[in-house]
Amino acid sequence: MQEINFDGIIGPSHNYSGLSIGNVASTTNKGAVSHPRAAALQGVDKMRHNLRLGLAQGLFLPHRRPDRHWLAELATSVEEVPASLRPAAFSASAMWAANAATVSPAPDTADGRCHLTAANLRTMAHRSHEWPETLAQLRLAFADPDHFQVHAPIPATFGDEGAANHMRLAPAHDAPGVEIFVYGVRGRDYPVRQHIEASNAIARSHRLDLDRTLFVAQSEEAIAAGAFHNDVVAVANETVLFCHELAFEDRPAFYTQIHRLMPKAEIVEVPASAVSLEDAIRSYMFNAQLVTLPDGQGMALILPEEARETPSVWTWLQDMVADNGPIRQLKVVDVRQSMANGGGPACLRLRVVANPAAVDPRFMADAARLDRISACIAEHWPEEIAPADLLEPALWDRLDQARTALYRLLDLDELI
């Protein structure tokens, strides 16, 4: 088994409608002209970058946009939809695969299978209709019943936003670990998206050892500052937790629990006196991929360009690497189009610990497949989308054609 990062391919409807309350970048850039082609190519380049590092790479595909089925459930259509609902029908936010599901690897589960629960994403209208297509892709990609069990979402009474609020510590990816579910209680002016009852239900359905499962409250201060998901202020990999000082409501108790269950765990905490919450969220220094490099090269942090451009963040990160701690390398990628809509490198990927041979190969990536995907994007994705373009039937047709072309390229006709 090894860790596979499944990245969401950024869809052709990528636009800046400012739909995500509490997401500073999303609301700040509302109404700007987006560049779907550039966005998708940036995402593919990130996947190429990770392949070059020797990491296993998978992919998920864009959803149907506009979502005519969802509009029909609301007794309207793309032609007649009220202005208040139109942007939600076009949202490309399924590209942020960290919200696709919560994943518990086989070493942690009672039946020795990897369990995945699709997120209901009920808090935000534009994301609440993602789960049916996400579930269909998960059930196809992870169809082998000897290795996987894929669960439908938790009932929508309780909000669940997937792996963005879930972490795992373990001696190695293929060893039994400690699973950490982060939930919200209060967010002041912003909604809390992860409900503790959803986290509890997932832990039960995944058949986790509850003595080795932690439930921790995200700090109200972090949510109020714009950390709408835990992965904006914390990330974990194997024995390392990398987090901001203000990430958790009761961090001393949380750290004590971690060391009780995993004495060799290392907590790399960034003090608020060195990096403010505002700088951490603006730069997405924690919404990075913390990965273990092959061949004993240690851990690397895959960061957005914005982290390097934020002086307090980059200074602290360079000092951290110079101190020769557990995180040894900094790798920078350009995902500016995703960042402008509120999603960094970690938002774009779902981590799954599994044997790659057990995954449907159509969802696995190599350099040649990524080259073909890039060519499809260059041919079919719109160069730009302004808010008024969502009213144009010509754009609706182009979005349908682009998605169909990609699915057929990857031999996934059964999902069209």
Nearest-10 value in Å² for the accessible area of D319, using the 1.4 Å probe: 90 Å²
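Taking 8 Å as the Cα distance limit and 6 or more residues as the minimum spacing, I'd like the relative contact order of region 257-367 as a percentage. Please list the in-between numbers first.
Values: 115 pairs, mean separation 25.6, N = 111.
Taking the mean separation of contacting Cα pairs over the length of region 257-367, I get 23 percent.
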Approximate spin-label separation A32-R336, in nm, with each point projected 7 Å along Cα-to-Cβ: 0.9 nm
S219, S312, reordered so the largest accessible area comes first (probe 1.4 Å): S312, S219
Area of M262 that stays accessible when all protein chains are in place (1.4 Å probe, Å², to 10): 10 Å²
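What GluC sites (Glu not before Pro) in region 337-416 are in a loop by DSSP, with at most 15 other Cβ atoms within 10 Å of the Cβ? Numbers along the way, then the final one.
On the way: sites: E379, E383, E384, E414; in loops: E383, E384.
Filter output for region 337-416: E383, E384.
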Rel. contact order, % - alpha carbon contacts under 8 angstrom, at least six apart, the chain: 23 percent
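Hey, what did region 183-302 get for relative contact order, percent, Cα under 8 Å, at least 6 apart?
Values: 170 pairs, mean separation 27.9, N = 120.
Relative contact order, region 183-302: 23 percent.
Please give the net charge around V235, taking every other residue with its beta carbon less than 12 angstrom from that of V235, where Lys and Arg add +1 and Asp and Glu add -1.
Values: positive: R168, R349, R351; negative: D231, E238.
Charge balance in the 12 Å sphere: +1.
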Surface accessible to a 1.4 Å probe, E221 within the full protein complex, Å²: 90 Å²
Cα-based reach from K331 at 14 Å (exclusive), listing aspartates and glutamates while leaving out same-chain residues under 8 positions away: D45, E305, E306, E309
Gained length - D189 relative to E79, 0.36 nm times residue gap less alpha-carbon distance: 36.2 nm
Nearest-ten-degree value, helix 196-205 long axis tilted from longest Cα axis of the chain: 80 degrees
Angle in degrees between helix 131-141 and the longest Cα principal axis of the chain, rounded to the nearest 10: 70 degrees
Full-stretch length increase - L293, A143 - with 0.36 nm per residue and alpha-carbon distance subtracted: 51.2 nm
Of the trypsin sites (Lys or Arg not before Pro) in region 257-361, those whose Cβ has at most 15 other Cβ within 10 Å and which sit in DSSP loop: K264
³J(HN,Hα) computed for each position of region 381-391 - Karplus, 6.51 cos²θ - 1.76 cosθ + 1.60, integer Hz, glycine/proline x: 6, x, 6, 8, 9, 9, x, 5, 5, 5, 8
Cα centroid of region 262-312 to Cα centroid of region 211-227, whole Å: 17 Å
Counted charge near V78, where neighbours are those whose Cβ lies closer than 12 Å (Asp, Glu -1; Lys, Arg +1): -2
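At a Förster radius of 22 Å, what calculated FRET efficiency corresponds to the Cβ-Cβ distance of D400 and A156, to the nearest 0.05?
0.20
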D250-Q2 FRET efficiency (beta carbon distance; Förster radius 51 Å; 0.05 resolution): 0.90
Cα centroid separation - region 374-416 against region 114-171, whole Å: 25 Å
Which label in (i) 26.1, 91; (ii) 24.2, 101; (iii) 19.9, 59 gives the computed Rg and Dmax of the Cα atoms in Å: (iii)
Helix 311-322 axis, angle to the chain major axis (alpha carbon atoms, nearest 10°): 50 degrees
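The values are calculated or read from the model by the stated rules, or taken from the named source; none is laboratory data. Every value quoted in this text rests on a predicted model; they were computed, and no experiment measured them. Because the Cβ atoms are built from the backbone with ideal geometry, glycine has one as well, and the counts that use them run over all protein chains shown. Note: areas computed on protein heavy atoms with side chains; ligands, DNA, RNA excluded. Shrake-Rupley method; radii C 1.70, N 1.55, O 1.52, S 1.80 Å.
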